[in-house]
Amino acid sequence: MEDEEKGFQEHPDSVPEMGEDAMTSVSPSSPPPTMTEEERQELQEELVKVEDEIRTLSQVLAAKEKQLADIKRKLGITPLNELKQNITKTWQEVTTSTAYRRTSETLSQAGLKATAAFSNVGSAISRKLEDVRNAPTFKSFEEKVETLKTKMTPAASTSDPGDQDPSSQTTESLLSQPESSPTQETPMQ
């Protein structure tokens, strides 16, 4: 038995792959030099015996798998149902895991911080716009626009207001006004 272990340790890559016939992987022309013919014969008999056991176990496994499939079919368990159950079970395991809870808490806190940050930015922008609106330059601009607006508004006419198109009034008033200063601009509609 020790010789077998030494031989295995010396040639670990000589183990047959799954499904590979072990008899074909052992080359009869090169037996280990320390093995007698009697030992070799015993090993070959053991090899045949193990291969027979593997075949028997494969047949038993195939029969059990068929039996399992029949039972599932009778119970109405389909592969789709199994997949749904597996997904549900996996999702429950994920959501109850420590890593998921930690990640969820971290993302929740990050969301709260982001909300607070956006709120602060919004407040800062509002304050800045209010500052700009209260600035003398903006007040001057606002007054000029208001003046322009009053100049452009037509005087109340005695005719029916429904007779004239409002866009033509604006165009006419713009055309009739003299240009007073180069900085004065007309509002866009």
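The values are calculated or read from the model by the stated rules, or taken from the named source; none is laboratory data. On a predicted model such as this, the values are computed, not experimentally measured, just so you know. Counting neighbours? That spans all protein chains shown, and the Cβs are built from the backbone with ideal geometry, glycine included.
Looking at the structure I just gave you, is ALA99 exposed (fewer than 10 other Cβ atoms within 10 Å of the Cβ), among the hydrophobic types (A, V, I, L, M, F, W, C), part of a helix (DSSP H, G or I) and at pLDDT 80 or above?
Numbers: exposed (fewer than 10 other Cβ atoms within 10 Å of the Cβ): yes; among the hydrophobic types (A, V, I, L, M, F, W, C): yes; part of a helix (DSSP H, G or I): yes; at pLDDT 80 or above: yes.
Yes: the conditions hold for ALA99.
Tell me which residues, restricted to the stretch 90-132, are basic (Lys, Arg) and within 30 Å of GLU142 (Cβ to Cβ). Reasoning before the result, please.
Residues of the stretch 90-132 basic (Lys, Arg): 101-102, 113, 127-128.
The answer is ARG127, LYS128.
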